[in-house]
Amino acid sequence: MSRFFATGSDSESEESSSSDEITPKAPGTNFKQSLLLSDDEEDTKRVVRSAKDKRFEELTNLIKTIRNAMKIRDMAKCLEEFEQLCRAFLKSKNIVDKEGVPPFYIRLLADLEDYLNQLWEDKEGKKKMNKNNAKALSTLRQKIRKYNRDYETEIASYKEVNKETFPQRFYASNHREKHLNQRIKKTQETEKSEKKVPKKKKLKKREDRLEEEAEEEGGEEVEGGWEKVKGGVPLEKPKMFAKGTEINTAVVVKKLNEILQARGKKGTDRAAQIELLNALAAIAAENNLGQGILVKIKFNIIASLYDYNPNLAAFMKVRTYFSECYIIKKFEQLLVRGCVLTLVERMDEEFTKIMQNTDPHSQEYVDNLKDEGRVCGIVDRLLNYLENKGSTEEICRIYLRRIMHTYYKFDYKAHRRSLGIQGESKSEQDQEESEGEDSAVIMDRLCKFIYAKDRTDRIRTCAILCHIYHHALHSRWYQARDLMLMSHLQDNIQHADPPVQILYNRTMVQLGICAFRQGMIKDAHNALLDIQSSGRAKELLGQGLLMRNMQERNAEQEKIEKRRQVPFHMHINLELLECVYLVSAMLLEIPYMAAHEFDARRRMISKQFHHQLRVGERQPLLGPPESMREHVVAASKAMKMGDWRTCHSFIINEKMNCKVWDLFPETQRVREMLVRKIQEESLRTYLFTYSSVYDSISMETLSEMFQLEIPTVHSIISKMIINEELMASLDQPTQTVVMHRTEPTSLQNMALQLAEKLGNLVENNERVFDLKQGVYGGYFNRGAFRLYYQKGSYQQKQSGYQRGGYRNQNQSNY
């Protein structure tokens, strides 16, 4: 063969390797025929790889290096190679877009994340790491968590796949790593050893080759499912029972104690322990050992499930949680050792943790929330059981659990029945009544029992606050207000623990919103003042945390505060809350500002409302309002001028309805109440502002201007006259308001303000002069007085006072 067609340094090996197979040709043989080689020989001589194979080869080499570093816990090497792997994968973006993410890449991402989480939880192992590896572990863990967010679906399918659902090509592709490595080695090694292998054995089908590779990797079949390798120190699985052992209660109890001996020990695989207990429960059920031993095993299963997450901040997986709920539901009425109340309380706390750690805007949150009925069903079963056989303290505890699942929910069925909706058939009413008691009846019964029987202040305080919240939510204003005043909770709530304080803040907010719906604007403002004036409504209501730079707290304090947060479905709309507060402040503040326009010592009812007004005045360009705050500011300016129609259009419109007013149960009634209040307060503001312009004004004219009935106008003006807010009198025959002209004009008001300020200035100057010269010019300083008298200045000064009396005369003139 001519050296012209040889390929580099491999030409000699190619010639030597082909000498046994290529038969010599006679001279003059066609040149084209000399190049005709079999497919097998051409494959062994030259390997032509596609761009896809080259890229995947680079990825598999990096993956192999990462896995080797994982075996020896070299985190610095893992971090370095992972960064190179990400860059190499980015170069393969065109191939990935066409054919999808290679499965072996997903496999590495999932395994690496589990491996890093396992190392992170192993505190003893972290202590043994050097500084570089510990730092690399923290960095790599953060990077892999952030990087894997883009492949959540693929990783989830990898973890959950089984033999029946996952396609065969996925498993075949997962062996590409080893297959490509073997192929690369063939191109780098000499061809002599390969020529010794018979041709039939060298060329195998792809399926057979993959099966052999799977066997080399640990006997894994190509068409089989993924086998999850569990990390951590493996639990030494005790053998269940020897062959031929008679299964009885004593043997099962002994095996149960053997399994429980590993509980709490260092390095125990908690997941494996749960599996062993479940297997033991199945054996007990198969052999019909009775409900007693089965309940004993299941109690320990529940305890092991609670031990699965030793960290308080961690929460139980949803599947694990519902398996625990199923176990608790299946309990029979047997006399066993243990406290089922504690188990149910822990179960309820785990449900709250799950809701706190679930994205509230996802479908998963909705699905988890649907299962609250299952939790309430377990609580009801335990409640019925403890009412017959529990102590008073246990009954109060379970009653509080039931109250906490009821107090924040609006009872729409009871609301409809209270409204007496027409057109409802009698059968439908009977059906609704047969569904159960109203929530108000349930709350009243449970709370009154706690008021009478409970001996702990905390349970009673929580029950009172929940009862008030429920009354306020259903517009029972007077019951809620009276219960709050009789409890005197506002006097010592600052000494309560933070969760109770959060519940108190939520109750006060709901009380203020209830007062607003009932048209009691002043009570609503007073109830919401403390929460809104602090500027930390989100934090005080347990609905979120302020940024760390706005409040000094460390990471540990932040974790503690996050555990106190209220689940999303229990949140109070903060925009609605702020709108109710600002509208209440507007209805109180604008008439007060008009009545005390020239009073220099005028106090502010709401500082936050004045802040919003100043922000609106500082804007250089005033356009149409967009946000809720801008709507309230624009409405306030219109009310200040007595223009109630413009004020009404800013407060009640399509945008404000969507944001705020449509969120109330009785939307139309709230809107009508708002229109009425705006008309009345605009009338008062108009009289305060323009009363000095009129000698008299007809009540009929005022009624037409503000679209109010004449008796209503008469009532408002009468109250203003009685409270000495308006100096006028009513002429009943003519239905007019006669002004007394006792109020000063605007010019007179300005002159009075100037005189008052000048008087203050003179008093301040005299006070400063007295401080410089001593008290009364040093009159009571005996040494100075004696020296002054000896010089004869005293007589001159005395005669001067007698002649002119300057100071006394000046004071009398002033």
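At a glance:
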{"item": "Answer residue from the stretch 686-697, given it is aliphatic (A, V, I, L, M) and in a helix (DSSP H, G or I) and is nearest to Glu589 (Cα to Cα) among those", "result": "Leu687"}
{"item": "Criterion (closer than 30 Å to Phe650 by Cβ, part of a helix (DSSP H, G or I), aliphatic (A, V, I, L, M) and in contact (Cβ under 8 Å) with a residue 24 or more places away in the chain) met by exactly one of Leu752, Leu683", "result": "Leu683"}
{"item": "Among residues of the stretch 453-489, those that are farther than 17 Å from Gly512 by Cβ and not in a helix (DSSP H, G or I), counted", "result": "4"}
{"item": "Residue selected from the stretch 375-411 under the condition more than 17 Å from His569 (Cα to Cα) and aromatic (Phe, Trp, Tyr), by the criterion farthest from the chain's Cα centre (by Cα)", "result": "Tyr385"}
{"item": "Answer from Val713, Val737, Val762, Val768 - the residue that is more than 23 Å from Ile678 (Cα to Cα), modelled with pLDDT of 90 or more and not acidic (Asp, Glu)", "result": "Val762"}
{"item": "Considering residues of the stretch 614-665 that are in contact with a Phe, Trp or Tyr (Cβ under 8 Å, 6 or more places away or on another chain) and not in a helix (DSSP H, G or I) only, the residue nearest to Thr689 (Cα to Cα)", "result": "Gly642"}
{"item": "Test: residue in the stretch 57-80 that is of a type in the set (Gly, Ala, Ser), in contact (Cβ under 8 Å) with a residue 24 or more places away in the chain and closer than 25 Å to Ala134 by Cβ", "result": "yes"}
{"item": "Glu575 assigned to a helix (DSSP H, G or I), at negative phi, surrounded by fewer than 16 Cβ atoms within 10 Å (Cβ to Cβ) and at pLDDT below 90", "result": "no"}
{"item": "Criterion: within 26 Å of Leu473 (Cβ to Cβ) and of a type in the set (Val, Ile, Thr) - qualifying residue of Thr646, Thr689, Thr667", "result": "Thr667"}
{"item": "Considering residues of the stretch 706-740 that are of a type in the set (D, E, K, R) and free of Cβ contacts under 8 Å to residues at least 12 places away in the same chain only, the residue nearest to Arg684 (Cα to Cα)", "result": "Lys719"}
{"item": "Among the residues listed as Asn132, Asn117, the single one being assigned by TED's automatic domain parsing to the domain that holds Tyr158, touching a helix residue (DSSP H, G or I) at 6+ places or on another chain (Cβ under 6 Å) and surrounded by fewer than 17 Cβ atoms within 10 Å (Cβ to Cβ)", "result": "Asn132"}
{"item": "Selection from the stretch 261-293 of residues that are aliphatic (A, V, I, L, M) and within 23 Å of Glu124 (Cα to Cα)", "result": "Ala262, Ala271, Ala272"}
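This table checks each residue for (1) touching an Asp or Glu at 6+ places or on another chain (Cβ under 6 Å); (2) at pLDDT below 90; (3) not in a helix (DSSP H, G or I).
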site	(1), (2), (3)
Thr406	no, no, yes
Ser418	no, yes, no
Glu424	no, yes, yes
Gln429	no, yes, no
Glu433	no, yes, no
Leu446	no, no, no
Tyr451	no, no, no
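The values are calculated or read from the model by the stated rules, or taken from the named source; none is laboratory data. None of these values were measured; they are calculated from a predicted model. Cβ sites come from the backbone with ideal geometry, for glycine too, and all protein chains shown count toward neighbours.
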